[in-house]
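Some notes on the structure that comes next.
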Amino acid sequence: MIITDVKTIRLRAEVPAEGQVFSRSGVRNSRSATLVQVETDEGISGIGSCSGNGELIEVIVAKTLKPLLMGMDPTAIDEIWDKAYFRGGHKEFGTRGIGVVALSGIDVALWDILGKVRGVPLYQLLGGKCRDKVPVYATALYPEEPSKVAKRARGFAEQGFHGVKIKVGFDLDQDIQIVRAVRQELGKDFVVMTDANQGYTLDVALKAAAAFADCGAYWLEEPLFVEDIEGHAILREKGRTPIAVGENLHMSYAFENFIVRGAVDYIQPCRARRRHH
């Protein structure tokens with residue numbers, strides 16, 4: 001079996017006002033994704049998904065990744081990753097960012113093919129089932145009048161969510177008031193998380209971490225610019241709220257840098273990002 005084609009399919013949908021995501025990164029009024037389809041000479045194809053700028057992903061796949069993969073065995077996933085990332089891709093698109101996101105779509109598609117070839121669900125190829133249920137939390141609490149946010153949080157709790165995450169990183173006083181209101185509404189045992197989307201400077205983040213700790217926050221997510229490992233290490237050492245990062249990190253090397261520097265409590269791998277074995 002060999003790879004005969006690699007295609008991209010761009011998807012986009014407008015989000016109505018009541019469902020839009022509002023964070024320190026801005027307002028998201030649409031949802032988009034890019035599917036990457038890998039085809040073979042035996043009629044078995046795989047599909048992977050990735051986020052990011054669809055136009056750039058389309059170009060990277062067509063101009064850089066597809067030529068590297070044509071004719072290769074799609075089940076030789078490690079060999080393909082080695083060729084596409086270590087021996088070719090990084091020279092074209094770097095070691096992280098949109099190029100790695102595009103490659104992650106191909107990687108997922110290859111695992112899809114491998115599962116079909118072996119006739120087993122993908123989770124069995126990745127180590128087997130670990131649990132029957134996974135707790136979920138709601139991320140839809142945005143800056144507005146604290147009592148309204150608290151009421152919305154109560155609604156999520158009543159729906160059965162195990163926790164809620166509050167978007168912070170705006171005005172510190174308002175952030176603190178909202179977190180306090182949600183905590184008071186849900187009681188001391190309900191899981192309440194905060195997510196700054198890289199919106200704080202270190203001095204402000206230290207104040208936020210102290211105030212959120214008093215409210216029993218489970219974590220403070222992406223408090224600082226993602227490249228500021230030293231700042232995260234200082235915040236984790238001096239702050240009192242656990243630190244979470246990972247949504248904007250690429251490859252395991254980036255996570256390793258945070259871990260060895262003592263800059264994170266919770267890591268959040270968001271997309272398929274592998275490392276060489």
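Read-outs: derived from the displayed coordinates by stated rules, not from any lab. If you're wondering where the values come from, they're calculated on a predicted model, not measured in any experiment. Note that we place each Cβ from the backbone using ideal geometry, even for glycine, and neighbour counts take in every protein chain shown.
With both labels modelled 7 Å from their Cα along Cα-to-Cβ, the GLU158 to ILE2 distance reads 6.2 nm. Its Cα centre serving as origin, segment 185-263 has a Cβ charge dipole (Lys and Arg +1, Asp and Glu -1) of approximately 260 debye.
Between segment 98-177 and segment 1-43, the C-alpha centres lie 17 angstrom from each other. Between the helical axis of 146-159 and the longest alpha-carbon principal axis of the chain there is an angle of about 50 degrees.
Listed values (1) -0.41, -0.63, -1.16; (2) -0.46, -0.69, -1.19; (3) -0.36, -0.55, -1.14 include one computed from this model; for log10 I(q)/I(0) by the Debye sum over Cα atoms at q = 0.08, 0.10, 0.15 Å⁻¹ that value carries the label (1). Here the gap between TYR266 and TYR253, fully extended at 0.36 nm per residue and compared with their Cα-Cα distance, gives a gain of 3.1 nm. With axes computed from alpha carbons, what is the tilt in degrees of helix 202-214 against the longest principal axis of the chain, rounded to the nearest 10 within 0 to 90? Between helix and principal axis, roughly 70 degrees.
How high is the FRET efficiency from LYS151 to ASP203, r the C-beta distance, R0 25 Å, rounded to 0.05? Plugging the Cβ-Cβ distance into 1/(1 + (r/R0)^6) gives 0.20. Once backbone amide H atoms are built at 1.01 Å from N, THR40 has THR4 as its partners under 5 Å, excluding neighbours fewer than 5 places away on the same chain.
Over the chain, DSSP H runs of length four or greater, each weighted -39,500 (n - 2.57), average out per residue to a 222 nm ellipticity of -11000 deg cm²/dmol.
The charge dipole of the chain, taken about its Cα centre with unit charges on the Cβ of Lys, Arg, Asp and Glu (plus for the first two, minus for the last two), comes to roughly 320 debye. Which residue fluctuates the most in the chain, going by a Gaussian network model with Cα springs under 10 Å, if the choices are GLN184, GLN124, GLN198? Result: GLN124 has the largest fluctuation of those listed.
In this label model, GLU42 and ASP78 are separated by 2.0 nm, measuring between points 7 Å along each Cα→Cβ vector. Take the Cα of ARG28, step 7 Å toward its Cβ, do the same at ARG87, and the gap between the two points is 3.6 nm.
Count of lysine pairs in segment 131-254 with Cα atoms under 22 Å apart, counting only pairs 8 or more residues apart in sequence or on different chains? Count of close lysine pairs: 13.
Taking Cα atoms only, the orientation of helix 251-260 departs from the longest principal axis of the chain by about 40 degrees.
Bridging of LYS91 to lysines at a Cα separation below 21 Å is possible for LYS63, LYS66, LYS83, once same-chain residues fewer than 8 apart are set aside.
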